[in-house]
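Inspection log for the structure reproduced underneath, given as structure tokens.
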Amino acid sequence: MDINKDQPQEQAAAQPADKPKKLALNIVSGKVEHRGFGAGAINLSQMSSVIIEEGEAYLDMGALHAKSKVEKGIKFSVNKEDVPNGVSSWIVWVAADRKEEGMYYAGVTSCEMLVDREARRGWKILADHVNRMDYALKRRIMLDNLGDQEKAALKKLLMEYNPEMWANSNEDLKSALA
């Protein structure tokens with residue numbers, strides 16, 4: 001997706017040659033070849049999102065665009081005080097990769113949210129969610145902010161979703177969820 005592609009051709013041609021090129025962010029699902037300045041890409045084809053709420057973990061791909069079941073219809077604030085009756089919910093970013101033995105869970109990170117559905121208010125730090133998604137893409141394991149109940153729910157989901165991927169996963173992930 002090129003954010004500059006809808007610019008009218010005559011307007012694009014009217015830009016002076018000495019002006020710097022505009023940056024574009026491409027989110028793709030296939031293989032990417034570098035095409036020069038401003039043509040960077042983020043490949044999300046091996047990224048999934050898991051929601052953990054009230055001790056239950058489930059896949060919800062809407063979280064990749066802040067449109068998960070738990071986020072829909074909620075106005076978020078960066079101030080926890082705005083959500084005094086909020087219930088903790090978690091987004092867990094899970095990046096998959098392949099090695100000789102097969103596919104495995106390569107990067108897994110978690111981020112907290114507070115949600116008060118009755119008041120339709122919530123708390124989350126968007127920068128933290130974006131950074132932790134990036135850390136998962138970089139194959140890091142960061143689950144220290146989860147409680148025992150959340151870890152157990154996530155471990156159960158990952159093991160049941162694909163036992164082979166769980167078996168092939170690194171010990172870092174398994175010990176983080178022990």
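Just check segment 32-178 against the gyration tensor rule for me: Cα atoms, a ≥ b ≥ c as the square roots of the eigenvalues, rounded for a/c under 1.5, and otherwise prolate or oblate depending on whether a/b exceeds b/c. Each step should come with its number before you reach the end.
On the way: a/c = 2.22, a/b = 1.29, b/c = 1.72.
The shape class here is oblate.
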Please list, in chain and number order, the residues 5+ apart from SER169 or on another chain whose amide H is under 5 Å from its amide H, with Hs placed from the backbone.
-> TYR105
If the viscosity is 0.890 mPa s and the temperature 25 °C, what Stokes-Einstein diffusion coefficient in µm²/s follows for segment 40-106 when Rh is the Kirkwood radius over Cα pairs?
-> 176 µm²/s
For segment 41-151, accessible area per residue (1.4 Å probe, heavy atoms of protein chains only), Å² = 53 Å²
Along segment 139-155, what does the Karplus equation 6.51 cos²θ - 1.76 cosθ + 1.60 (θ = phi - 60°) give for ³J(HN,Hα), rounded to whole Hz, x for Gly and Pro?
-> 6, 9, 10, 9, 10, 5, 8, 8, x, 4, 5, 5, 4, 5, 5, 5, 4
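Here is the link list: LYS72/LYS124; LYS75/LYS138; LYS69/LYS156; LYS69/LYS124; LYS67/LYS124; LYS75/LYS156. Which ones come out longer than 23 Å on Cα distance?
LYS75/LYS138; LYS75/LYS156
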From the phi of every residue in segment 119-125, what ³J(HN,Hα) in whole Hz does the Karplus formula 6.51 cos²θ - 1.76 cosθ + 1.60 yield, where θ is phi - 60° and glycine or proline is x?
-> 7, 6, 10, x, 10, 7, 9
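Any idea what the dipole of segment 53-143 comes to, in debye rounded to 20, about its Cα centre with Lys/Arg Cβ at +1 and Asp/Glu Cβ at -1?
Working: 15 positive and 15 negative charges, 63 e Å.
For this selection, approximately 300 debye.
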Across segment 91-107, in residue order, what do the Karplus-derived ³J(HN,Hα) couplings come to in whole Hz, using 6.51 cos²θ - 1.76 cosθ + 1.60 with θ = phi - 60° and x for Gly and Pro?
-> 9, 10, 8, 10, 9, 9, 8, 10, 9, 3, 6, x, 5, 8, 7, 8, x
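The values are calculated or read from the model by the stated rules, or taken from the named source; none is laboratory data. Nothing here was measured: the structure is a model prediction, and the numbers come from that model. Using ideal geometry, Cβ is built from the backbone for each residue, glycine included, and neighbour counts are taken over all protein chains shown. Accessible surface areas use protein heavy atoms only, side chains included; no ligands, DNA or RNA. Shrake-Rupley method; radii C 1.70, N 1.55, O 1.52, S 1.80 Å.
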